[in-house]
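The values are calculated or read from the model by the stated rules, or taken from the named source; none is laboratory data. Since the structure is predicted, the reported quantities are computational estimates derived from the model, not experimental observations. In this analysis, Cβ positions are derived from the backbone assuming ideal geometry, glycine residues included, and neighbour counts consider all displayed protein chains.
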Amino acid sequence: MRLRRIARYAPFYFLIELNISGETINKVMLYGINIAKEIRRNLKESSIILGPASEVRKINNRFSTTILIKYKDEPKIIDLVRAVLKRYEKRDILIRVDRFPGVG
């Protein structure tokens with residue numbers, strides 16, 4: 001538990017994972033970088049944004065990367081995530097949101 005507190009993981013911080021997937025690696029990474037920047041601009045300094053991960057996976061001819069958001073007190077985080085989805089999710093880019101990564 002001590003390591004989880006130091007690394008800012010649950011139950012000491014809340015986590016949200018965004019998985020961005022698309023048909024080209026360039027577009028997936030570009031969208032990932034832009035999404036991470038937008039989220040970073042709209043959260044408190046105490047929140048942490050990891051990613052987009054440099055490890056890009058390819059499954060069924062689609063590339064994907066992840067962004068992990070660690071936060072303690074962000075009352076408008078859900079509205080921010082919804083705005084990001086509305087702005088960035090396009091026909092060829094899909095964004096999956098996991099509010100409880102690593103659980104079940």
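Cβ-Cβ distances below 6 Å connect the following pairs, each with a first residue in the stretch 1-22 that is in contact (Cβ under 8 Å) with a residue 40 or more places away in the chain and farther than 21 Å from Asp79 by Cα, a second residue that is among the hydroxyl-bearing types (Ser, Thr, Tyr) and not in a helix (DSSP H, G or I), and a separation of six or more residues or different chains: Ser21/Ser64. Only one of the listed residues (Ile33, Ile39) is outside any strand (DSSP E or B), under 16 Å from Arg99 (Cα atoms), out of contact with any Ser or Thr (no Cβ under 8 Å at 6 or more places or on another chain) and modelled with pLDDT of 95 or more. That residue is Ile39.
Residue-wise test of (1) assigned to a loop (DSSP other than H, G, I, E, B); (2) touching a Phe, Trp or Tyr at 6+ places or on another chain (Cβ under 9 Å); (3) surrounded by fewer than 11 Cβ atoms within 10 Å (Cβ to Cβ).
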site	(1), (2), (3)
Ala53	yes, no, no
Ser64	no, no, no
Leu68	no, no, no
Arg82	no, no, no
Lys86	no, no, yes
Lys90	yes, yes, no
Ile95	no, yes, no
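Quick check, is Thr24 hydroxyl-bearing (Ser, Thr, Tyr), within 21 Å of Pro101 (Cα to Cα) and touching a strand residue (DSSP E or B) at 6+ places or on another chain (Cβ under 9 Å)? In short, no. The set of residues from the stretch 18-42 being in contact with a Lys or Arg (Cβ under 9 Å, 6 or more places away or on another chain), buried (at least 18 other Cβ atoms within 10 Å of the Cβ) and not polar (S, T, N, Q) comprises Leu18, Ile20, Gly22, Val28, Tyr31, Ile35.
The residues of the stretch 70-80 that are among the acidic types (Asp, Glu) and in a helix (DSSP H, G or I) amount to a single one, Asp79.
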